[in-house]
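Report on one structure; see the data block that follows.
Each reported figure results from applying straightforward, stated rules to the coordinates on display, with no laboratory input. Computed from a predicted model, the values in this text were never measured in an experiment. Note: ideal-geometry Cβ built from the backbone for every residue, glycine included; neighbour counts use all protein chains shown.
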Amino acid sequence: MTSDVEFKAWRVEELDGNYKGTEQTLSTADLPAGEVLIKVSHSSLNYKDALSASGNKGVSRSFPHTPGIDAAGEVVESATGTPAVGSQVIVTGYDLGMNTAGGFGEYIRVPAAWCVPMPSGWGAQAAMIYGTAGLTAGLCVQKLLTMGARPEQGRVAVSGASGAVGSVAVELLAKLGFDVVAISGKADHAESLKALGATQVLGRDALAEDRKPMLKPAFANAVDTVGGLPLAELLKQIKPGGSVSCCGLVAGPQLQTTVLPFILRGVNLLGVDSVEIPLADKEAVWEKFAGDWKCEKTEASAKRIGRADLERALNAFLKGESSGKIILDHA
Ligand code: NDP
């Protein structure tokens, strides 16, 4: 057991109902009990971090708190021996950054069962470019493939395409040979979505409310990152036997649909969770991103920031002004 060390963390405090994050010096003695102490080199910014940092009690109940639902770095203490001291690991999801001090600090202490070994030949910076958003996109695509989705079946739609999850889904599906239709509310992102590999970019009106119970089948399969009414409209437009991976709710948590897409066309609605799933499922997707699924364009366009830039970057998330992947580099 090494002695306690001091480290820097971007910690959020509550004062009279207002929440403010600042850089503070903490000690590893301040971290929760756990099996594995990790020196975090990189984290990744997610909408959930912005919610945590702004005091959303559905994400983080008590303050002061260090957000950061993603972290990657080197194991410096390991009570279980696995992962081994000196090895690199990725930690995403479970309770990290929610009510367990997260990746916006230079150290985290977590259960061994949360740690994915870093794929060989890969590093923390690359992993955190994908982060939870990329992992979720990978899980969505994996579910479609497991259901038998193939490029020759026809076009695959991605909703919320310019978002963190959607953009990785667009690039990955295009890389796998699918004809990708990006559905986006941002007309000025059409060229960048085409650069990621979309063959067509449609506005959100492609999924606008239509009173007809079923519509002409337009897509063989889809990744839906928005939920709500657009998902209900998407289900009406899926070809017989097709599947929709559903992971998000930015357009609302309600899903008002009929059983018709399911019983007339055999459409499959596939739920995707990236947080509480078995570690092996996460590991399988990380291994793919480090190999055949490498998304070169996403990796090339990621922005790197330091702790001093966190407040501005998280506010942009809350205002819906964030785009592309942002990683936090603790160096
Ligand atoms: P982002 O904010 O980066 O992107 C969401 C995108 O959705 C936006 O860029 C926008 O894309 C579109 N959008 C925003 N508001 C609306 C609206 N009212 N109606 C329709 N489209 C809208 O978020 P992420 O990509 O990081 O996350 C997407 C969703 O996935 C979120 O709901 C998030 O909570 C969820 N998520 C779930 C996970 C899981 O484990 N299931 C893990 C990670 C995220 P455009 O302008 O191109 O239309």
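Across the stretch 316-331, in residue order, what do the Karplus-derived ³J(HN,Hα) couplings come to in whole Hz, using 6.51 cos²θ - 1.76 cosθ + 1.60 with θ = phi - 60° and x for Gly and Pro?
4, 4, 5, 8, x, 9, 7, 8, x, 8, 10, 10, 9, 10, 7, 5
For the stretch 133-271, give the magnitude of the charge dipole about the Cα centre (Cβ charges: +1 Lys/Arg, -1 Asp/Glu; no others), in debye to the nearest 20.
Dipole of the stretch 133-271, to the nearest 20 debye: 340 debye.
Mind checking which of Met98, Leu45, Gln254 is farthest towards the positive end of the chain's charge dipole, using Cβ charges of +1 (Lys, Arg) and -1 (Asp, Glu) about the Cα centre?
Farthest along the dipole direction, towards plus: Gln254.
Roughly how tilted is helix 124-146, in degrees to the nearest 10 and between 0 and 90, from the longest Cα axis of the chain?
Computed tilt is about 30 degrees.
When only alpha-carbon atoms are used, what values of Rg and Dmax, in angstrom, describe the stretch 208-292?
14.7, 44
Given bins 10 angstrom wide, list per bin the percent of all Cα-Cα distances in the stretch 1-58, short to long.
17, 43, 33, 6
If you average 1/r across every pair of different Cα atoms in the chain and take the reciprocal, what Kirkwood value do you get, in Å?
Hydrodynamic radius (Kirkwood, Cα pairs) of the chain is 20.3 Å.
For the stretch 133-271, what does the convex hull of the Cα positions come to per residue, in cubic angstrom?
Numbers: hull volume 12.4 nm³, N = 139.
Given the Cα convex hull of the stretch 133-271, per-residue volume reads 89 Å³.
Quick check on the chain: of the DSSP beta bridges with both residues there, what percent are antiparallel, nearest 5%? Each step should come with its number before you reach the end.
On the way: 32 of 54 bridges.
Close to 60 percent.
Could you work out the local net charge near Ala29, counting Lys and Arg as +1, Asp and Glu as -1, over the other residues with Cβ closer than 12 Å to its Cβ?
Spelling it out: positives minus negatives among the neighbours equals -2.
Taking amide H positions as placed in the peptide plane 1.01 Å from N, state which residues far from Ser44 in sequence (5 or more) or on other chains have amide H under 5 Å from it.
Asp70, Leu328
Based solely on its DSSP helices, what 222 nm [θ] is calculated for the chain when runs of n ≥ 4 H residues each add -39,500 (n - 2.57) and the sum is averaged over all residues, nearest 500 deg cm²/dmol?
That comes out to -8000 deg cm²/dmol.
With just the Cα atoms of the stretch 157-220, tell me how far they stretch along each of the three principal axes, in Å, largest first.
The Cα atoms of the stretch 157-220 stretch 34, 25, 17 Å along their principal axes.
Quick one: 3J(HN,Hα) in Hz for the stretch 83-88, Karplus 6.51/-1.76/1.60 with θ = phi - 60°, rounded, Gly and Pro as x.
x, 7, 4, x, 7, 9
Under a Cβ-Cβ cut-off of 10 Å, what is the net charge of the residues other than Ser245 that fall near it, where Lys and Arg count +1 and Asp and Glu count -1? Before the final figure, lay out each step's value.
Values: positive: Lys143; negative: Asp224.
Taking every Cβ under 10 Å from that of Ser245, the sum is 0.
On a 0 to 90 degree scale, rounded to 10, what angle separates helix 164-175 from the longest Cα axis of the chain?
60
Of Leu207, Gly148, Leu135, whose Cα points farthest to the positive end of the dipole of the stretch 133-271 (charges on the beta-carbon: +1 Lys, Arg; -1 Asp, Glu; origin at the Cα centre)?
After comparing all options, I get Gly148.
Out of residues 5 or more away from Ile108 or on other chains, whose amide H comes under 5 Å of its own, with H placed 1.01 Å from N in the peptide plane?
Amide H neighbours of Ile108: Ile38, Val40.
Would you count, across the stretch 133-271, every pair of lysines whose alpha carbons are under 15 angstrom apart, provided the pair is eight or more residues apart or spans two chains?
Lysine pairs satisfying the spacing and distance rule in the stretch 133-271 number 5.
For all pairs of alpha-carbon atoms in the stretch 183-331, what percent lies in each bin of width 5 Å, listed from the first bin to the last filled one?
Answer for the stretch 183-331: a P(r) of 2, 7, 13, 16, 19, 18, 14, 7, 3, 1, 0, 0 percent.
Summing Lys, Arg as +1 and Asp, Glu as -1, what charge do residues with Cβ under 15 Å from the Cβ of Lys288 carry, Lys288 excluded? Each step should come with its number before you reach the end.
Numbers: positive: Lys143, Lys175, Lys282, Lys294; negative: Glu171, Asp281, Glu283, Glu287, Asp292, Glu296, Glu299.
Summing Lys/Arg as +1 and Asp/Glu as -1 gives -3.
Whose amide H sits under 5 Å from the amide H of Gly242, counting only residues 5 or more places off or on another chain, with H placed in the peptide plane?
Asn268
Which of the listed residues, Ser162, Ser184, Gly228, is farthest toward the dipole's positive end in the stretch 133-271, when Lys, Arg count +1 and Asp, Glu count -1 at the beta-carbon?
Gly228
What is the distance, in nm, between label points placed 7 Å from the Cα along the Cα-to-Cβ direction at Glu209 and at Asp273?
3.1
Dipole of the chain, Cα-centred, from +1 at each Lys and Arg C-beta and -1 at each Asp and Glu C-beta, to the nearest 20 debye?
Working: 31 positive and 36 negative charges, 243 e Å.
In total the dipole reaches around 1160 debye.
I need the phi-derived Karplus couplings for the stretch 17-31: 6.51 cos²θ - 1.76 cosθ + 1.60, θ = phi - 60°, integer Hz, Gly and Pro marked x.
x, 9, 10, 9, x, 9, 6, 10, 9, 10, 10, 4, 5, 7, 6
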